[in-house]
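Participant: Dumping the structure here so I can ask a few things about it.
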Amino acid sequence: MKIIKLIDKLYENNNLDYDEIVFILNNIEEAGKDYLIQKAHETRMKTYGNKVFFRGLIEFTNHCIKGCKYCGINSKNSNISRYRLELEDILLCCEMGYNLGYKTFVLQGGEDNYYTDYKVIEIIKAIKSRYPNVAITLSIGEKSYKSYEMYFNAGADRYLLRHETANRELFQRIHTNT
C-alpha cells in the first residue's frame, strides 16, 4: 500500500516531498491514519519519552498597534481593559513558575511599541540572571532581523512568530495597521 510506504519513509527520513505529503493528505483512510498515529507516537517516545514539558505563558501586554480583524487585542477593540506588566511583575510570574518547576517562559503580547527592544532586552537579561537554566521564548509580533539578533544575544532562546496565511489577498484583508 503506497500510503504505508510513504509513512514509513517519513518515519525513517523525517521528510517527504511536497507531492508525497499531498498524496497522503488526499488519500489516507482510517487504517492509514492509525498507522500514522502509531509512527508519530514512536517518534515522540524515541525523542522525548514519557516526559511532559511545562511552559509558563506570561501575557505581559495586551496593547497592540495592529488592527488584525481576527484578534481580540487588536488596536480597534475598545471593549477590553488594556494593561502592561512592569519588570517586577514579570519577574514575580517567573518566580512563581520556577517554583512550580517551569523551565521555559513564553513572554507573549501584542505589538506594543512601549516595549522597545531595549526594554525587552532588559526583561530577558533580568530573567536569565535570576534563572540561568530556563529557556525564554518571545512572541511579540513582527520585528526586524536586528531585533531578533539582539534578543538572541541577550539570552532569548526562541521566537514564536505566528503565521496565519500564505494567501496574500487574505492576509491583506485580515491584517491592517492602526
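The values are calculated or read from the model by the stated rules, or taken from the named source; none is laboratory data. Bear in mind that the values here come from a model prediction, so they are computed numbers and not experimental data. Every residue, glycine among them, receives a Cβ derived from its backbone with ideal geometry; neighbour counts consider all protein chains shown. Surface accessibility is based on the protein's heavy atoms, side chains included, excluding ligands, DNA and RNA. Shrake-Rupley method; radii C 1.70, N 1.55, O 1.52, S 1.80 Å.
Participant: Are there any pairs with C-beta distances below 9 angstrom linking a residue in region 148-174 that is surrounded by 10 or more Cβ atoms within 10 Å (Cβ to Cβ) to a residue that is among the charged types (D, E, K, R) and modelled with pLDDT under 85, with the two at least 6 apart or on different chains, and if so which?
Facilitator: From region 148-174, the pairs are L170/E164; F171/E164; R173/K69; I174/K69; I174/E164.
Participant: Checking R82 against (1) on the phi > 0 side of the Ramachandran plot; (2) more than 21 Å from the chain's Cα centre (by Cα), which single condition isn't satisfied?
Facilitator: R82 satisfies all of (1) on the phi > 0 side of the Ramachandran plot; (2) more than 21 Å from the chain's Cα centre (by Cα) except (1).
Participant: Let me ask another. Only one of A156, A166, A126 is over 22 Å from F53 (Cα atoms), assigned to a loop (DSSP other than H, G, I, E, B) and not hydroxyl-bearing (S, T, Y); which?
Facilitator: When all the criteria are applied, what remains is A166.
Listed here are the residues, each with its yes/no results for (1) outside any helix (DSSP H, G or I); (2) surrounded by 10 or more Cβ atoms within 10 Å (Cβ to Cβ); (3) of a type in the set (G, A, S).
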| residue | (1), (2), (3) |
| --- | --- |
| I7 | no, yes, no |
| H41 | no, yes, no |
| R44 | no, yes, no |
| K51 | yes, no, no |
| L57 | yes, yes, no |
| F60 | yes, yes, no |
| S75 | yes, yes, yes |
| N79 | yes, no, no |
| R82 | yes, yes, no |
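Participant: Name, by its number, the condition in (1) assigned to a loop (DSSP other than H, G, I, E, B); (2) closer than 16 Å to Y11 by Cα that does not hold for L36.
Facilitator: So the condition that L36 fails would be (1).
Participant: For region 24-39, what are the residues that are under 26 Å from the mean Cα position of the chain (by Cα) and open to solvent by 100 Å² or more (accessible area, probe 1.4 Å)?
Facilitator: Matches in region 24-39: L25, I37.
Participant: Would you call E149 assigned to a loop (DSSP other than H, G, I, E, B), more than 20 Å from F54 (Cα to Cα) and under 20 Å from the mean Cα position of the chain (by Cα)?
Facilitator: no
Participant: Then there's this: For region 9-23, give me each residue that is among the aliphatic types (A, V, I, L, M), open to solvent by less than 60 Å² (accessible area, probe 1.4 Å) and either in contact with a strand residue (DSSP E or B) (Cβ under 6 Å, 6 or more places away or on another chain) or farther than 22 Å from K46 by Cα (or both).
Facilitator: Residue satisfying the conditions is V22 alone.
Participant: When the residues of region 119-142 are narrowed to those that are of a type in the set (S, T, Y) and over 13 Å from the mean Cα position of the chain (by Cα), which ends up surrounded by the fewest Cβ atoms within 10 Å (Cβ to Cβ)? Don't jump to the end; show me each part of the working.
Facilitator: Restricting attention to region 119-142, the residues satisfying the condition of being of a type in the set (S, T, Y) are 129, 131, 137, 139.
Now restrict to residues that are over 13 Å from the mean Cα position of the chain (by Cα): 129, 131.
Details: S129: 10, Y131: 18.
Out of the qualifying residues, it is S129.
Participant: Could you grab me the full set of residues in region 97-118 that are surrounded by 11 or more Cβ atoms within 10 Å (Cβ to Cβ) and free of Cβ contacts under 8 Å to residues at least 12 places away in the same chain?
Facilitator: Matches in region 97-118: T116 only.
Participant: Another question, if that's okay. Output yes when any residue across region 74-96 is over 21 Å from T137 (Cβ atoms) and β-branched (V, I, T), and no when none is.
Facilitator: Scanning region 74-96 turns up at least one residue that is over 21 Å from T137 (Cβ atoms) and β-branched (V, I, T).
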